[in-house]
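K.L.:
One structure is given below, represented as structure tokens, and several questions about it will come after.
The values are calculated or read from the model by the stated rules, or taken from the named source; none is laboratory data. Note that this is a predicted model, so its numbers are computed, not measured. When we count neighbours, we look across all protein chains shown, and the Cβ atoms used for this are built from the backbone with ideal geometry, even at glycine.
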Amino acid sequence: MMGNELFSVSRLLFCCADIYMLYRFFSAIFKKKRGVKITITCTVIITLAVFLENSIGLTWLNLITIPVIYYFYVVLVFDISLSNGIAYTLIFYVIFAAGKEVSFEILYRLLSNILPFYIPPWFTSGGVYFLLIEYIVGFLLLIYSEKYTKKIKISNNNNFSWYLLIVPIFSMFISINFLYLDFPSSKILQILMCSGAFLLFFTNIAIFIILEKYTDVMNKVKYAELYSMKRDMENEHFQNILKINDRYRCFIHDINSYFNSFRFLALNDDNKKIVSIIDELKGKIQEETSSILYSSHPVFNAILSERVTKAKDIGVEFSLFIEKNLNLDFINDADMISMFGNLLDNAVEGAVKCKPENRKVDVKLFMGTNYFLIFHIKNSYAILAKKDGNRRLSTKEVSQSHGLGIGIVTNLAEKYGGTLNLEERSDLFTTTLTISTYSEKQNANFGTQRV
């Protein structure tokens, strides 16, 4: 009998409402990656799967399988990482599905004891009307939360999302325990238990919104810091161009005088004086134009200029080859600073620990094929890098910083469809960063807005 009532049109409609709420929750935070037809097809299939699973009528099975079904739907329809998919699916399930159901179940127990009428179970035809109230309240709360989550930009690689699970998960354990406790005979205790269940339910929603806003604020702070760094680098790059242009204008202005002097000295067979002036002029040009342009990309040029200057100041021989006409625009500016900056810093820091005559860094950036960019560094080193199992750490003395830079670069290499390879040979440390020049998100630089 129960199975027949579970397997009904009204139950199918409630399953449709579940999937619609799931869709609304995620579409407010993440972008969709499927077209309308595929999205509708996935929605229909997942709705039927939830309906068939619910028709079995086993609560413990629902707790296990429904989140899994929801997760498959989320990763199929939305542009979301696998880890974020797990975290936000559990958040939705705990707050807007299981949490809601537990709270209303306790409420119905209270009403059955206080009011002179019987509230039928949710899986019966008479319980549908009470279940409808539950869904209306849940949907209104979802709309309320959307007002805030729609304004928030969530990173697709947001590790903070796992912290959002702490309160909902523990609240869920407490609420489920309420269900299996004997309902107290005292009316006051009954009201307190019901109030506590709903306070947990509403608090989960409030905390979720607050933590999401906090995440958004921290992302904006990080964005502002990186944007300021980028702006300073671009300004330094621009100032270097102006200085170089001024110096060349001075040389062009004086070149007529130099030629006249050479002509006069040549007529008087004073070749030694000509050679002396040329040597003096050559040294002056080298000194005045020591700040050169390594790349047409302002941020990358600023990264190289800073490291070349640093290497020169600490006595490290720094050789550099940059293939002409390289297009680096597909790399996010913040990622460029993290990838190239970390690797160059590691190379210089490794070389400076060597004897003065053996402090060398050799850097090459070139196209390996038409589809891969290769950043190749060789540097001398005197101290072997520490390792933790297969994970390579660093030679830094401060333990908290071990391997952080390498870990960041490894993650970014994977983001751009590439790899980071580190190799120790004799007295040379070789670093090879390979990244794909093709990206579906080549406009992912500062200022790009999520649409």
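K.L.:
Asp333 fails exactly one of the following numbered conditions: (1) over 20 Å from Ile435 (Cβ atoms); (2) acidic (Asp, Glu); (3) in contact with a helix residue (DSSP H, G or I) (Cβ under 6 Å, 6 or more places away or on another chain). What is the number of that condition?
P.N.:
Among (1) over 20 Å from Ile435 (Cβ atoms); (2) acidic (Asp, Glu); (3) in contact with a helix residue (DSSP H, G or I) (Cβ under 6 Å, 6 or more places away or on another chain), the lone unmet condition for Asp333 is (1).
K.L.:
Can you name the residue in region 356-370 that is modelled with pLDDT under 90 and in a loop (DSSP other than H, G, I, E, B) and, of all such residues, is nearest to Arg307 (Cα to Cα)?
P.N.:
Here the answer is Gly368.
K.L.:
Suppose we filter Ile154, Ile174 for residues that are in a loop (DSSP other than H, G, I, E, B) and at pLDDT below 75; which single one remains? Before you say what the answer is, go through the steps one by one.
P.N.:
Numbers: Ile174 fails: in a loop (DSSP other than H, G, I, E, B).
Just a single option satisfies the conditions, and that option is Ile154.
K.L.:
Next question. So, Asp329, is that one outside any loop (DSSP other than H, G, I, E, B) and not hydroxyl-bearing (Ser, Thr, Tyr) or not?
P.N.:
Details: outside any loop (DSSP other than H, G, I, E, B): no; not hydroxyl-bearing (Ser, Thr, Tyr): yes.
No, not satisfied.
K.L.:
Related question: For residues in region 379-410 being at pLDDT 85 or above and under 21 Å from the mean Cα position of the chain (by Cα), which is farthest from Val363 (Cα to Cα)?
P.N.:
Of all residues in region 379-410, those at pLDDT 85 or above come to 379-381, 409-410.
Those left that are additionally under 21 Å from the mean Cα position of the chain (by Cα): 409-410.
On the way: Val409: 17, Thr410: 19 Å.
Among residues in region 379-410 that are at pLDDT 85 or above and under 21 Å from the mean Cα position of the chain (by Cα), the one farthest from Val363 (Cα to Cα) is Thr410.
K.L.:
Just to be sure before I move on: is Asn421 modelled with pLDDT of 90 or more and out of contact with any Leu (no Cβ under 6 Å at 6 or more places or on another chain) in the structure I sent?
P.N.:
Yes: the conditions hold for Asn421.
K.L.:
So, one more: In region 40-73, which residues are touching a Phe, Trp or Tyr at 6+ places or on another chain (Cβ under 6 Å) and either outside the structural domain of Ile205 (by TED's automatic domain parsing) or more than 23 Å from Ser8 (Cβ to Cβ) (or both)?
P.N.:
Within region 40-73, just Pro67 meets the criteria.
K.L.:
Restrict the check to region 311-318 and report whether at least one residue is in the same structural domain as Leu433 (by TED's automatic domain parsing), assigned to a helix (DSSP H, G or I) and closer than 21 Å to Thr434 by Cα.
P.N.:
Within region 311-318, the first condition is being in the same structural domain as Leu433 (by TED's automatic domain parsing), and the residues that meet it are 311-318.
Pick out the ones that are also assigned to a helix (DSSP H, G or I) and you get 311-313.
With the extra rule that they be closer than 21 Å to Thr434 by Cα, the set shrinks to none.
Checked region 311-318: no residue is in the same structural domain as Leu433 (by TED's automatic domain parsing), assigned to a helix (DSSP H, G or I) and closer than 21 Å to Thr434 by Cα.
K.L.:
Something else: If you go through region 348-367 one residue at a time, how many are surrounded by 21 or more Cβ atoms within 10 Å (Cβ to Cβ), of a type outside the set (D, E, K, R) and touching an Asp or Glu at 6+ places or on another chain (Cβ under 9 Å)?
P.N.:
Count: 3.
K.L.:
For region 439-447, state whether one or more residues are in the same structural domain as Ser338 (by TED's automatic domain parsing), within 13 Å of Met339 (Cα to Cα) and either surrounded by 12 or more Cβ atoms within 10 Å (Cβ to Cβ) or modelled with pLDDT under 85 (or both).
P.N.:
No, that holds for no residue.
K.L.:
Return the residue satisfying two criteria in turn: it lies in region 44-86 and is of a type outside the set (S, T, N, Q) and not in a helix (DSSP H, G or I), and of such residues it is surrounded by the most Cβ atoms within 10 Å (Cβ to Cβ). Before the answer, list the steps.
P.N.:
Just the residues of region 44-86 that are of a type outside the set (S, T, N, Q), to begin with: 44-46, 48-53, 56-58, 60-61, 63-64, 66-80, 82, 85-86.
Of the ones still in play, those that are also not in a helix (DSSP H, G or I) are 56-58, 78-80.
On the way: Ile56: 13, Gly57: 14, Leu58: 11, Phe78: 21, Asp79: 12, Ile80: 23.
Filtering region 44-86 for residues that are of a type outside the set (S, T, N, Q) and not in a helix (DSSP H, G or I), the one surrounded by the most Cβ atoms within 10 Å (Cβ to Cβ) comes out as Ile80.
K.L.:
List every residue pair whose Cβ atoms sit under 8 Å apart, with the two residues 6 or more apart in sequence or on different chains, where the first one lies in region 85-103 and is of a type in the set (A, V, I, L, M) and the second, anywhere, is modelled with pLDDT of 80 or more.
P.N.:
Close Cβ pairs satisfying both conditions: Ile86/Tyr71; Leu90/Pro67; Ala97/Asp18; Ala97/Ile66.
K.L.:
Additional query: Quick one: what pairs do we get from region 22-34, first residue closer than 12 Å to Lys147 by Cα, second part of a loop (DSSP other than H, G, I, E, B) and hydrophobic (A, V, I, L, M, F, W, C), C-beta under 6 Å, 6+ apart or different chains?
P.N.:
Matching pairs, first to second residue: Ile29/Ile154.
K.L.:
Among the numbered criteria (1) within 22 Å of the chain's Cα centre (by Cα); (2) over 17 Å from Gly99 (Cα atoms), which one does Leu13 miss?
P.N.:
Failing condition for Leu13: (1).
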